[in-house]
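Please read the structure below before turning to the comments.
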Amino acid sequence: MSIVLIVDDEKLQRDILKTILEEEGYEAYTASSGEEALNMVKDVRPDVLLTDLKMDGMDGIELIESLPKKPFEIPAIVMTAYGTISSAVDAIKKGAFDYLTKPLERDILLITVKRAAEKSELLKENLRLQEELFKKFKMDGIVGSSKKMQEVVEVVKKVSNSSVTVLILGESGTGKELVARAIHYNSPRRARPFTAINCAAIPENLIESELFGYEQGAFTGAISKSIGLFESSNGGT
């Protein structure tokens with residue numbers, strides 16, 4: 001079950017939340033301050049952070065901004081009184097997953113925590129898939145012991161950590177896309193999409209809209225906005 005770290009400077013509130021979440025099967029831990037929570041994050045590895053907004057010392061927003069960003073950003077739920085909803089909205093802008101107003105309603109609390117836990121699970125699954133792709137397309141995934149293939153591997157290693165444009169030439173079936181994927185999944189861009197495009201398979205009258213996208217009403221049949229492949233692959237390859 002998911003791990004939830006509860007942060008609140010009121011002991012009674014911490015204990016109530018811990019009891020509610022444990023009754024639902026969550027593994028719950030508590031911290032009395034933002035500073036204590038930060039010290040616990042590394043060992044507890046929470047899937048969800050449930051924090052009060054107003055606390056002595058480090059407040060909820062400062063805590064969220066101080067959370068480690070790797071291996072992924074922990075979904076954080078902010079608890080706030082009615083008089084500070086504007087601050088909670090500000091917390092959302094600073095990266096909070098959602099906010100709850102006090103007094104907390106049990107059902108809404110559990111629904112929100114469940115949604116945050118599901119997001120956390122998706123983020124972890126995404127990391128697992130990225131790792132699988134990295135293993136599949138790491139350097140030893142390029143099979144070949146000849147001098148020429150070893151030269152190709154060395155070039156891939158050199159260009160993977162740079163942002164230079166790479167042109168890969170070769171006959172059909174020689175592994176051009178394999179090399180391109182190896183460069184992508186060994187580069188800092190590997191968390192972003194890799195998009196392979198067969199331009200010859202796209203009709204001439206559609207190539208522009210496929211690559212650059214279009215706005216609603218741009219032409220007959222454009223009933224909604226469409227993002228192009230360049231934009232959807234931004235930051236990737």
Next on the checklist: Return the residues of the stretch 43-69 that are free of Cβ contacts under 8 Å to residues at least 24 places away in the same chain and closer than 20 Å to Lys119 by Cα; say none if nothing qualifies.
Outcome noted: Lys69
Item to check | Residue count for the stretch 186-233, restricted to those that are of a type in the set (Phe, Trp, Tyr) and modelled with pLDDT under 80 | outcome: 1
Next on the checklist: List pairs: first residue in the stretch 107-131 and under 14 Å from Asp47 (Cβ atoms), second residue in a helix (DSSP H, G or I) anywhere in the structure, Cβ distance under 7 angstrom, at least six positions apart or on different chains.
Outcome noted: Val113/Leu21
Next on the checklist: Looking at the structure I just gave you, is Asp56 more than 18 Å from Val4 (Cβ to Cβ), assigned to a loop (DSSP other than H, G, I, E, B) and not polar (S, T, N, Q)?
Outcome noted: yes
Checklist entry - Right, Ala88: surrounded by 15 or more Cβ atoms within 10 Å (Cβ to Cβ), over 16 Å from the mean Cα position of the chain (by Cα) and at pLDDT below 85 or not? => result yes
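Which residues, counting only those in the stretch 32-46, are farther than 15 Å from Glu65 by Cβ and β-branched (Val, Ile, Thr)?
Within the stretch 32-46, just Val44 meets the criteria.
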Checklist entry - So is Asp43 out of contact with any Leu (no Cβ under 7 Å at 6 or more places or on another chain), assigned by TED's automatic domain parsing to the domain that holds Thr112 and surrounded by fewer than 18 Cβ atoms within 10 Å (Cβ to Cβ) or not? => result yes
Checklist entry - What residue, of Gly175, Gly236, is surrounded by 10 or more Cβ atoms within 10 Å (Cβ to Cβ) and at pLDDT 80 or above? => result Gly236
Checklist outcome for this item: So the helices (runs of 4 or more DSSP H) completely within the stretch 140-237 holding 2 or more residues that are free of Cβ contacts under 8 Å to residues at least 12 places away in the same chain, of a type in the set (A, V, I, L, M, F, W, C) and not assigned by TED's automatic domain parsing to the domain that holds Lys69 are 147-160
Next on the checklist: Looking at the stretch 129-146, can you tell me whether even one residue there is surrounded by fewer than 11 Cβ atoms within 10 Å (Cβ to Cβ), among the charged types (D, E, K, R) and at pLDDT 75 or above?
Outcome noted: no
Checklist entry - For the stretch 10-22, does any single residue satisfy the condition of being over 22 Å from Asp107 (Cβ atoms) and either surrounded by fewer than 22 Cβ atoms within 10 Å (Cβ to Cβ) or modelled with pLDDT of 95 or more (or both)? => result yes
Checklist entry - Looking at Leu67, Leu104, Leu49, which one is under 29 Å from Gln130 (Cα atoms) and at pLDDT 90 or above? => result Leu49
Item to check | Index of the failed condition, Leu38 passing every other in (1) modelled with pLDDT under 90; (2) surrounded by 14 or more Cβ atoms within 10 Å (Cβ to Cβ); (3) touching a Ser or Thr at 6+ places or on another chain (Cβ under 8 Å) | outcome: (1)
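The values are calculated or read from the model by the stated rules, or taken from the named source; none is laboratory data. The structure displayed is predicted, hence computed values, not measured ones. Methodologically, a virtual Cβ is constructed for each residue, glycine included, from the backbone with ideal geometry; neighbour enumeration extends over all protein chains shown.
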